[in-house]
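Bear in mind these aren't lab numbers, they're just calculated from the coordinates by the rules spelled out. These figures come from a predicted structure and were not determined experimentally. Cβ sites come from the backbone with ideal geometry, for glycine too, and all protein chains shown count toward neighbours.
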Amino acid sequence: MKRRPPRLIWGFLGGDLLRLGLMTAAGLVLVIAFALSVRFLAEGRIDLGGALWVMALALVPMLEYALPFAGGMAATLTYHRFASDNEATAAMASGVSHRSLMAPAGGLGFVVGVAVLLLSHEVIPHFLRAMEEVATRDLAGMVARAIERGESVKLGRLEVLARSIVRAGPDPAVGAIDRLRLEGVLAARVGARGTVESTITADEVNVWLFEDDSGDEPGTVAQLVFKGARGHEGADAIQGGEFASQRVRIPSTFTDDPKYLTFGQLRELRTHPERLNKIDALRRALALRLAEQQMLDDVRASLAATGSVVLERPGGERMVVYATGLRFDPGPGRWRFLPAAAGQAVRLDRVLAGGSTFRQQAGALWIEPDSDDPGEAAWPRRGSARVRGEDVVSIDREAAAPGTPGQGAMAVGRLRSLGNTEEPAEPEGVAQILERAELALMRADLDLAERIESAADLLADKVDRTQREVTSKQHERAAYAAASLLTILCGAVTALRRQSGLPLPVYLWCFFPALTSVITISAGQTLTHRAGPAGLTLLWGGVAGLAAFVIAEYVRLRKH
C-alpha cells in the first residue's frame, strides 16, 4: 500500500475542491453581505450609497461563516461524483488507502481552518470597524432619523425625545460639524443603574456637534442649548430662560465590543480593561467618588487646624466658612458645618472675582458632593461640592452676595477646597483604583461609603464580564477554525459512505452536524460571556460532537 496518494488523486480531487469551493464561497458571501447591508438600510442607519459600501466591506467578515459550509459542499459534491463514477472503488482496488483518498479534503480543510483563524483574529476586526464606521459616522443623520421615527436618542447621560427635528448643517464659524434644532423636547438624565435622576422639558433645543480627537479613538462632542426650559438639572431648578449643558463626548463604539479587537488587542485588554469606553466611564465615576471623599477629608482637616476652610469656584470666586467641624446628616445625605458654639450661626465670607467681599451668616449650612460629569475628557483629580444655607443674612453694610435670594436660602455649586489632595497626577488603572477604593471605604462617611461601594461594585462587575467576554471571543474564533476543518472532512467522508444517494441529501448529512456545531459555538460563546468557563464545555462540545461524527463515519467507511 502506498504511503501517499498518487499525484492523479491530488490533481483530480484537489482541482475540483478548489473550483467548487471558490464558487460556493463567492455565492454565499454575496448573499450574506447583501442581507446585512439591507438590514442596516432598513434600520435607517445608512442610505443607499452607504448600503453598497457596507455590502462591499462585509464580503471579508462573512468569509468566517461562508468558508466552512462552502468547503463542506465542495467536498461533498467532489467526493460524491468521484465515488458515484466508481473511481473511488477503482482507486482503492489499486491499493490507494482511505486515508490517501481523504488527504485532499484534509489539505483543503487545513488551509481553510488556518485562513478562518487568521481572518477572525487579524483581518475581520478591521473590516467590522470599517463597516460600523460607515453606519455611525453620520451621527447627526442617525439622530435625525431616530427622532423622526418617534424614538429617543442618547447623548451622554441624557435620553432625548423630541416632537420634531430640523438638520441645520455645519457651522464653520464656531467649528461645529453639524447642528440639529429640536422642538418640543423632553430630556431625562439617566444614572449609572438606569434610574432617571432628573427631567427637563424645553420648547427648543439646539444640539451642536464637534469633532473630538483627544482620546485614543475618534469621537464626537455634543453640546445642548436649551431654550424655554423647565425642570431640574441636578439640584438646580430651571424655570424658563436659556442654558447650555456641559460638552459631552460621544466616543466611538468600536472599542466597546471585543469583536472589533485583534488577537493582540484582546490580550492587552486583559491587563488594561480601561481601554473600553464603558469601563473607562465607570473608572472615572469611581475616581469622582474617591475625589469627593478626599475633598471632605481636606475640609475636615482645614476646619480642625484653622477653624475655617477656603472653597473656590471657577473664575476666581471664593467662599471662606468658619466652623469647628462637619457632622453627617443621614436624612438629606449631606454634611452640616458645626458652629463655634451650639445654637450660634455659621459665619462665611464670599469673595467675588472682582474683589468684593460679602460677610454673611447662616442659621444652618451644609456641604454636599457636586462633582462634574464622568464623561468629561479630563481625569477627575478633585471633587467639587455644593454649599447650601438656610436663614442666610448679611452682617456687613454691603448687599447680599449672589446666590442668596430673599436673604433666606443659599445654594452655591462647583466649589472645591484649596487643600492638597492625594489624587494621582495620571489616570490609574482599574486594579489600582479598586484597591484605593477598598482603602477609602474604611474611613468614608456612611453616605459616601455607599456611593463608593456602589461605584466600585459596578466597575468590578463590568471588568469581570469583560474578561469573560474576551475568553469567549478567543475560544469562539479558535472553535470556528476547528469546525471549518471538520466540516470539509465531514463532507468528504459522508460522500464516500453514501455514494448511492443523491448529492443534496448526502450534503445534508454533512450540513446538519456542521450547523449544530456552529450553533453550539455561538451559544457557548454567549454562555461563557455570562457564566464564565463553564460555557466552554458547550462551546467546544459541538466541535467535539462533529469530530466524533466524522470519526464514526470514517471507521464505517474503512469497514466497507
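Under the rule of at least 5 residues apart or a separate chain, name every residue whose amide H is placed under 5 Å from the amide H of Glu197.
Amide H to amide H, under 5 Å and 5 or more residues apart or across chains, Glu197 pairs with Arg189, Val190, Gly191.
Starting with the highest mean, order 73-80, 284-291, 533-540 by the number of other Cβ atoms within 10 Å, averaged over the residues of each peptide. Don't skip to the answer; put the middle values down first.
Numbers: 73-80: 26.5, 284-291: 25.0, 533-540: 17.2.
Order by mean packing, descending: 73-80, 284-291, 533-540.
Test of understanding: what is the full-extension gain from Val31 to Asp171, defined as 0.36 nm times their sequence separation minus their Cα-Cα distance? List each step's numbers first, then the result.
Numbers: separation 140, 0.36 × 140 = 50.40 nm, distance 4.12 nm.
Roughly 46.3 nm would be gained on extension.
Label Val393 and Ala341 with points 7 Å out from Cα along Cα→Cβ: what is the distance between them in nm?
Spacing of the two 7 Å Cα→Cβ label points: 1.8 nm.
How long is the gain from Leu504 to Ala188 if the chain were fully straight, where each residue apart is worth 0.36 nm and the alpha carbon distance is subtracted? Mind showing how you got there, number by number?
Working: separation 316, 0.36 × 316 = 113.76 nm, distance 5.66 nm.
In short, 108.1 nm is gained.
Report the label-to-label distance for Glu204 and Leu441 in nanometres (one decimal), using points 7 Å from each Cα along the Cα→Cβ vector.
With each label point 7 Å from Cα toward Cβ, the separation is 5.0 nm.
R0 = 41 Å: FRET efficiency of Arg556 with Asp464, Cβ-based, nearest 0.05?
The formula returns an efficiency of 0.35 here.
Just to verify a number: FRET efficiency for Glu133 and Gln432, C-beta to C-beta distance, R0 = 30 Å, to 0.05?
On the way: r = 33 Å, r/R0 = 1.09.
The computed FRET efficiency comes out at 0.40.
Take peptides 263-272, 49-58, 467-476 and line them up by average Cβ neighbours within 10 Å, highest first, as a rough protection proxy.
Details: 263-272: 14.5, 49-58: 18.3, 467-476: 20.2.
Order by mean packing, descending: 467-476, 49-58, 263-272.
As an exercise, use a Förster radius of 60 Å and the Cβ-Cβ distance of Thr324 and Leu52 to find the FRET efficiency, rounded to the nearest 0.05. Could you put the intermediate results ahead of the total?
Details: r = 72 Å, r/R0 = 1.20.
Efficiency computed from Cβ-Cβ geometry: 0.25.
Using 0.36 nm per residue of separation minus the Cα-Cα distance, give me the extension gain between Ser152 and Leu59 in nm, one decimal. Mind dumping the intermediate values first?
Numbers: separation 93, 0.36 × 93 = 33.48 nm, distance 3.24 nm.
The span from Ser152 to Leu59 would gain 30.2 nm if fully extended.
Return the lysines within reach of Lys278: Cα separation strictly under 19 angstrom, same-chain partners fewer than 8 residues apart disregarded; answer none if there are no such residues.
Once the sequence-local lysines are set aside, what remains near Lys278 is Lys154, Lys259, Lys462, Lys473.
With each pseudo-label sitting 7 Å past Cα toward Cβ, what's the Glu268-Asp85 distance in nm, one decimal?
Using points 7 Å along Cα→Cβ, the separation is 5.3 nm.
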